[in-house]
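*Asks:* Just dropping this structure here.
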Amino acid sequence: MKSALIIFACLIGLSFAPNHQLENDQHVTQKVYICTGAYSTKYHFTRKCRGLSNCKGKIQSIELSKAKALKRTLCGWED
């Protein structure tokens with residue numbers, strides 16, 4: 001019983017701990033969608049985004065950091 005209380009206390013403590021590093025790690029590895037068409041300049045969080053409806057190329061999933069390296073910006077429908 002004592003060990004269960006200790007585990008419970010630890011879990012409660014972790015829920016209030018700052019998670020900035022976790023957010024940063026998720027931000028780096030988050031997948032987004034881009035259109036590979038010649039004139040596309042945006043990235044999208046969902047494949048079914050309204051902004052991808054006119055894509056003339058393929059819709060591709062890539063990491064957010066790579067999309068930003070390609071100078072892509074967030075779609076206006078999702079900001």
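*Asks:* Considering only residues that are of a type in the set (Val, Ile, Thr), in contact with a Phe, Trp or Tyr (Cβ under 9 Å, 6 or more places away or on another chain) and in a loop (DSSP other than H, G, I, E, B), which ones fall in the range 37-77?
*Replies:* The answer is Thr46, and nothing else.
*Asks:* Moving on. Please work out which residue is farthest from Glu78 (Cα to Cα), limiting yourself to the range 1-59 and to residues that are aromatic (Phe, Trp, Tyr) and at pLDDT 55 or above.
*Replies:* Tyr39
The values are calculated or read from the model by the stated rules, or taken from the named source; none is laboratory data. No experiment lies behind these values; they were computed from the predicted model shown. Every residue, glycine among them, receives a Cβ derived from its backbone with ideal geometry; neighbour counts consider all protein chains shown.
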